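The structure appears right after this line, and notes come after that.
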Amino acid sequence: MARAAIDAVVAHARAAAPDECCGLLIGTTDDIVAARPAWNAADDARRRYVVDPKDHFDGRRDARARGLEVVGFYHSHPRSPAAPSETDRAEASYDDYLYLIVGLAAEPPQVACFRLERGNFLEVPFVTVA
Ligand SMILES: [Zn+2]
């Protein structure tokens, strides 16, 4: 995973706090090269996130134009660890997508990545590259 993508996600998380931020992970299934901010369309953005459907659509179109794909979503937990919440489990719906979570409760922030497989989040180890 590109260091620049992680840095962008953490910066977005800090700027959006105390709300949760969200966005798109762009790349291939093996390599996230960029993060693209999206509007959090949730009515209660302090406790959950909903990636704005238009931002998701636009992100997919722009990624394809670069020979890439949207391979997942990221979002932040302003006050809790980087682990899927009950709400995340209930609302995640894109099987095979990566779900990256930034937890701002710790300093430096925690970053963890999960793959949704048949409705279950499986943690995916990752390395950060320049
Ligand atoms: Zn969450």
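The values are calculated or read from the model by the stated rules, or taken from the named source; none is laboratory data. The model shown is predicted, which means the values in this text are computed figures rather than measured ones. Surface accessibility is based on the protein's heavy atoms, side chains included, excluding ligands, DNA and RNA. Shrake-Rupley method; radii C 1.70, N 1.55, O 1.52, S 1.80 Å.
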Quiz prompt | Karplus-derived HN-Hα couplings along the stretch 5-17 (A = 6.51, B = -1.76, C = 1.60, θ = phi - 60°), whole Hz, x at Gly and Pro | solution = 5, 4, 4, 5, 5, 5, 5, 5, 4, 5, 5, 7, 4
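Within the stretch 3-123, what whole-number % of the accessible surface is contributed by carbon and sulfur, with the 1.4 Å probe and all protein chains included in the calculation? All intermediate terms of the calculation are to be shown ahead of the outcome.
On the way: 3150 of 6380 Å².
The value for the stretch 3-123 is 49 percent carbon and sulfur by accessible area.
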Exercise. Divide by every residue of the chain the summed helix terms, -39500 (n - 2.57) for each DSSP H run of at least 4, and state the resulting mean residue ellipticity at 222 nm, rounded to the nearest 500 deg cm²/dmol.
Key: -7500 deg cm²/dmol
Quiz item: Which residue fluctuates the most in the chain, going by a Gaussian network model with Cα springs under 10 Å, if the choices are 96, 44, 19?
Solution: 44
Practice problem: Take the eigenvalues of the Cα gyration tensor for the stretch 84-128, scale each by 5, and report the square roots as semi-axes in whole Å, largest first. | Solution: 20, 13, 6
Quiz item: Amide H to amide H under 5 Å from residue 32: which residues, 5+ apart in sequence or cross-chain, H placed 1.01 Å off N in plane?
Solution: 2
Quiz item: Long-range amide H contacts for residue 48: which residues qualify at under 5 Å (H placed 1.01 Å from N, peptide plane, sequence gap of 5 or more or a different chain)?
Solution: 20
Quiz item: Tell me, what ³J(HN,Hα) does each residue in the stretch 113-120 have, in order and in whole Hz, if you take phi through Karplus 6.51 cos²θ - 1.76 cosθ + 1.60 with θ = phi - 60° and put x for Gly and Pro?
Solution: 10, 10, 10, 7, 10, 6, x, 10
Practice problem: Consider just the alpha-carbon atoms of the stretch 3-123 and return their Rg together with their Dmax, both in angstrom. | Solution: 13.1, 37
Quiz item: Under the Karplus relation 6.51 cos²θ - 1.76 cosθ + 1.60, θ = phi - 60°, what is the ordered set of whole-Hz ³J(HN,Hα) values for the stretch 61-71, x standing for Gly and Pro?
Solution: 5, 5, 5, 4, 5, 9, x, 10, 9, 7, 10
Quiz item: In terms of modelled amide H atoms, which long-range or inter-chain residues lie less than 5 Å from the amide H of residue 77?
Solution: 102, 103, 104
